[in-house]
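Asker: I am attaching a structure below and will ask some questions about it afterwards.
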Amino acid sequence: MGDIQFEIDGQTVTAVPGMTVLEVARKHGIYIPTLCHHEKLEPFGGCRLCIVEVEDRGWTKYVVSCVFPAAGGIIVRTRSEKVDRLRKTILELLMAHAPDAPQLVELAKVYGADPNRYESDPSFCIHCGLCVRYCAEVARKNAIGFVDRGINKEISFVPEIAAQYCNDCKECFPLCPTSYLQAAYVLAQALSFSEQGVQTMNT
Ligand code: SF4
Ligand code: FES
């Protein structure tokens, strides 16, 4: 199949079928902020920060660019008044959980996000899933996963696997946009991985 042509921020870009709008933007050096995207991992679409405006046959919609497929003739805007407003709100919601995370603090400056807009609920993990997906898809160990749902959702190390592999790997640590992963690992290690430790873990 031939190349697809469309527009991002006034620039004509080309893509092959199957590429996402985010991939095409990056290929052409156009910046879209992301928190849960990693080029080695399957698109996740979790954080919503990569939202962009898409005009398609006269209709305007707001889509998550890391999962939205490139299509011929669409017009993409990576910044607009509404896109910026949506990103600001997304950041404010995330900062209720992790107000001091450096990546969030930097992005908050760009979008004028107020870290105190929503009631503080410092769970620190923003559920980006990078650690979980990296361990499953790249390291192929499945040493870490999500447990529970909704507001109780949290990451959890699988003690038998983590005790065997994590100490020599730790490749997921630098991916975490908050400081939570490393802290959770240290705590889980203290509680569960040591020979004297208990076999269940409640972080
Ligand atoms: S611990 Fe960090 S990398 Fe893992 S899901 Fe939470 S924020 Fe993302
Ligand atoms: S980077 Fe697209 S939703 Fe997180």
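Asker: Output ³J(HN,Hα) for the stretch 48-62: one whole-Hz value per residue in order, computed from phi by the Karplus curve 6.51 cos²θ - 1.76 cosθ + 1.60 with θ = phi - 60°, and x for Gly and Pro.
Answerer: The phi angles translate into 6, 5, 7, 4, 9, 9, 10, 9, 9, 6, x, 9, 9, 9, 10 Hz.
Asker: At 1.4 Å probe size, with every protein chain present, just tell me what the per residue accessible area of the stretch 90-162 comes to in Å².
Answerer: Each residue of the stretch 90-162 exposes 54 Å² on average to a 1.4 Å probe.
Asker: Let me check something: with ligands and nucleic acids excluded, how do E137, E171 order by accessible area (1.4 Å probe), largest to smallest?
Answerer: Heavy-atom accessible area, descending, gives E171, E137.
Asker: Would you report the distance distribution of C-alpha pairs in the chain as whole percents per 10 angstrom bin, up to the bin with the largest distance?
Answerer: All Cα pairs, binned at 10 Å, distribute as 8, 30, 30, 21, 8, 2, 0 percent.
Asker: Can you put Y118, Y185 in order of accessible area, largest first, using a 1.4 Å probe?
Answerer: Y118, Y185
Asker: Between 0 and 90 degrees, rounded to the nearest ten: what's the tilt of helix 159-169 against the longest Cα principal axis of the chain?
Answerer: Roughly 70 degrees, rounded to the nearest 10.
Asker: Cut-off 19 Å, label point 7 angstrom out along Cα-to-Cβ of Q5: give me the residues of the stretch 35-63 whose amide nitrogen falls inside.
Answerer: Counting only backbone N, you get 55-58.
Asker: Additional query: If you keep only loop residues by DSSP, which GluC sites (Glu not before Pro) in the stretch 40-112 have at most 11 other Cβ atoms within 10 Å of their Cβ?
Answerer: Answer in residue order: no site qualifies.
Asker: Of I30, I144, I126, which is the most mobile in a GNM of the chain whose springs link Cα atoms less than 10 angstrom apart?
Answerer: Judging by the Gaussian network model, the answer is I30.
Asker: If M19, M95 are ordered by their accessible area, calculated over protein heavy atoms with a 1.4 Å probe, which sequence runs from highest to lowest?
Answerer: Most to least solvent-accessible, the answer reads M19, M95.
Asker: To continue, here is another question. Over 18 Å between Cα atoms, which of K61/K82; K27/K88; K40/K170; K88/K109; K141/K170 qualify?
Answerer: From the list (K61/K82; K27/K88; K40/K170; K88/K109; K141/K170), the Cα-Cα distance tops 18 Å for K27/K88.
Asker: Which of the three applies to the stretch 73-162, rounded, prolate or oblate, going by the alpha-carbon gyration tensor with a ≥ b ≥ c and a/c under 1.5 meaning rounded?
Answerer: Taking the square roots of the gyration eigenvalues as a ≥ b ≥ c, the stretch 73-162 is oblate.
Asker: Now, a different point. List, in order, the whole-Hz ³J(HN,Hα) value for each residue of the stretch 88-93 obtained from phi through the Karplus relation with A = 6.51, B = -1.76, C = 1.60 and θ = phi - 60°; use x for Gly and Pro.
Answerer: After applying 6.51 cos²θ - 1.76 cosθ + 1.60, I find 4, 5, 4, 5, 5, 5 Hz.
Asker: Explain nothing, just the number: relative contact order of the chain, from Cα pairs under 8 Å at least 6 residues apart, as a whole percent.
Answerer: That works out to 15 percent.
Asker: Per-residue ellipticity at 222 nm for the chain, helices alone: DSSP H runs ≥ 4 residues times -39500 (n - 2.57), over residue total, nearest 500 deg cm²/dmol?
Answerer: -8500 deg cm²/dmol
Asker: Continuing with the same structure: For a protection proxy built on the mean count of beta-carbon atoms within 10 angstrom, sort 3-15, 147-159 highest first, please.
Answerer: Per-residue Cβ counts within 10 Å, averaged per peptide and sorted highest first, yield 3-15, 147-159.
Asker: Right, another one. Tell me, what % of the accessible area of the chain is carbon and sulfur with a 1.4 angstrom probe?
Answerer: 51
Asker: Nearest 5 is fine: what % of DSSP beta bridges in the chain come out antiparallel, could you say?
Answerer: Just about 90 percent of them are antiparallel.
The values are calculated or read from the model by the stated rules, or taken from the named source; none is laboratory data. All of these numbers come straight from a predicted model, not from anything done at the bench. Don't worry about glycine lacking a Cβ; one is built from the backbone with ideal geometry, like all the others, and counts go over all protein chains shown. Please note that ligands, DNA and RNA were not included when accessible areas were found on the heavy atoms of the full protein model with its side chains. Shrake-Rupley method; radii C 1.70, N 1.55, O 1.52, S 1.80 Å.
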